[in-house]
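The structure under discussion appears below in the form of C-alpha cells.
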Ligand SMILES: Nc1nc2c(c(=O)[nH]1)N[C@H]1C(S)=C(S)[C@@H](COP(=O)(O)O)O[C@H]1N2
Ligand SMILES: [Mo]
C-alpha cells in the first residue's frame, strides 16, 4: 500500500499561517536574546579577557542574570517546538529547492533549528546534571550559542518582509476556517511556556520555591543549602593539622584555624548562585578578604588565586579579581547559618564573594596567592 505524500497546500489550519509563526518568532527573539546575553555575561565572568570588568555589587546581580539565563532557555523550549509546528507543512513544499537564495534560506533554517535545539537540550541536561556526552559542556555550549544567534540574525533579516506583512494590522482579522484557530494555538503555546517557567523557576525565585514542582536543587542540603559536589565526591576528609597558606611577594604566612578565628569576623548575607540556575541565600561569617590581605601585609585590590585541597576536579582553583578582594563582603568563610561550615560546604574554610557564579566560590581552601 502506498501512503499519499502530504503537500504543503493540504495544511489549512490557521495555526499554520505566517502571523502565528511571526508572533511566536517575536517571543522567541526575546527569550533567545535574553538567554544569549546572560550566557555571554556568565562566560565572560568565568573566562575574563583583559578588557572585561564585572563589579562586585549589587551582590545578587549574577543570581538574577543566571536565573534569567536558565528561565529564558526553558521558556524557549515550548516556543521553539510551537514555531516548528507552525511551519512544518513547508517541509512538504515542492520543488524542494527553487533557487539559490531559496536553497540558502533552507540551509540557514537547518543550521538555526539544529543549533537552537542543541543549546536547549544540552542546557537542560546540564541543569539536570546529566552529562550523556564526551565533550566539555561549557565550551561547546558557548561555541554553538554563536552559531545559533548568528543564524537567528540572518533568518530575521531574510524574513523581515514576511514578518512585517504578517504582523501588520491587515492580517489581524482571524479568517474563518476549519482546524485549530490562531488564537487557540497561541494561547496554548503561552500556557505551555508559562507552565514550564513556573514549574522550574523556584530553583532561583524564592517565592516560587513552594510551587515549582519540577525544580531541581530545592531540597535542602546540609545547613539549609544545596550541595553541588559533596566532600565524599571530591575525596575530601576532615583534615588533621590544617594550615592556610597565604602567599604574597613578601613571603608565605601560615595560619591555623584558631588563628583565623581570632581575626576580626564579618557577617554577610550572600547567595550561592550556581551556573545551573539554582540559587539560595545564606548567612556567612568569616574574615573579609581586604582584612586578611592587610593582616599579611598585602594590599586589598590585588587579584588572588584561591586553591583548594581537592586534587582533581574542574573547580579546585579560582581567581578573585581585585574588584572582589577590595570588597569587604568577600569572605573567607568559616561559618554558615550560625554553625561551623559542614565538610560538604568547604570546612575548614571557603570563599564566598558577592555577585559571582557558584563555580568560583571555592570550597576546602588551602592556599591564597596574591598575584
Ligand atoms: N573545591 C571546590 N569548590 C567548589 C566546587 C567544587 O567542585 N570544588 N563546586 C562549586 C559549585 S559548582 C557550586 S554551585 C558551589 C556550591 O556550593 P555549596 O556546595 O556550598 O552549595 O560550590 C563551588 N565550589
Ligand atoms: Mo555550580
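The values are calculated or read from the model by the stated rules, or taken from the named source; none is laboratory data. Everything quoted here is computed from the prediction, not taken from an experiment. Using ideal geometry, Cβ is built from the backbone for each residue, glycine included, and neighbour counts are taken over all protein chains shown.
Structure above, values below:
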| item | result |
| --- | --- |
| Number of positions in the stretch 250-276 that are under 18 Å from residue 294 (Cα atoms) and modelled with pLDDT under 95 | 1 |
| Count - residues of the stretch 193-244 that are farther than 30 Å from residue 32 by Cβ and either touching a helix residue (DSSP H, G or I) at 6+ places or on another chain (Cβ under 9 Å) or not in a loop (DSSP other than H, G, I, E, B) (or both) | 18 |
| Residues within the stretch 336-346 that are more than 10 Å from ligand 1 (Cβ to nearest atom) and either outside the structural domain of residue 289 (by TED's automatic domain parsing) or under 27 Å from the mean Cα position of the chain (by Cα) (or both), tallied | 2 |
| Scope the stretch 160-192; condition farther than 14 Å from residue 18 by Cβ and part of a helix (DSSP H, G or I); matching residues | 169, 183, 184, 187, 188, 189, 190, 191, 192 |
| Filtered residue count, the stretch 99-128, keeping only those that are surrounded by 13 or more Cβ atoms within 10 Å (Cβ to Cβ) and either without any contact (Cβ under 8 Å) to a residue 24 or more places away in the chain or touching a strand residue (DSSP E or B) at 6+ places or on another chain (Cβ under 8 Å) (or both) | 6 |
| Qualifying residues in the stretch 255-275 (those that are part of a loop (DSSP other than H, G, I, E, B) and crowded, with 23+ Cβ neighbours inside 10 Å) - the one farthest from ligand 2 (Cβ to nearest atom) | 275 |
| Count - residues of the stretch 303-317 that are surrounded by 17 or more Cβ atoms within 10 Å (Cβ to Cβ) and either more than 16 Å from ligand 2 (Cβ to nearest atom) or not assigned by TED's automatic domain parsing to the domain that holds residue 352 (or both) | 3 |
| One residue from 330, 325 being free of Cβ contacts under 8 Å to residues at least 60 places away in the same chain, more than 13 Å from ligand 1 (Cβ to nearest atom) and crowded, with 20+ Cβ neighbours inside 10 Å | 325 |
| Lone unmet requirement of (1) under 30 Å from residue 35 (Cα atoms); (2) within 16 Å of ligand 2 (Cβ to nearest atom) for residue 320 | (2) |
| Candidates 288, 309, filtered to the one that is within 15 Å of ligand 1 (Cβ to nearest atom) and either at pLDDT 95 or above or in contact with a strand residue (DSSP E or B) (Cβ under 6 Å, 6 or more places away or on another chain) (or both) | 309 |
| Of the criteria (1) more than 16 Å from ligand 2 (Cβ to nearest atom); (2) in contact (Cβ under 8 Å) with a residue 40 or more places away in the chain; (3) assigned to a loop (DSSP other than H, G, I, E, B), which one residue 284 fails | (3) |
| Residues satisfying the stated conditions in the stretch 73-98, i.e. touching a helix residue (DSSP H, G or I) at 6+ places or on another chain (Cβ under 7 Å), surrounded by fewer than 16 Cβ atoms within 10 Å (Cβ to Cβ) and touching a residue at least 24 places away in the same chain (Cβ under 8 Å) | 90, 92, 93 |
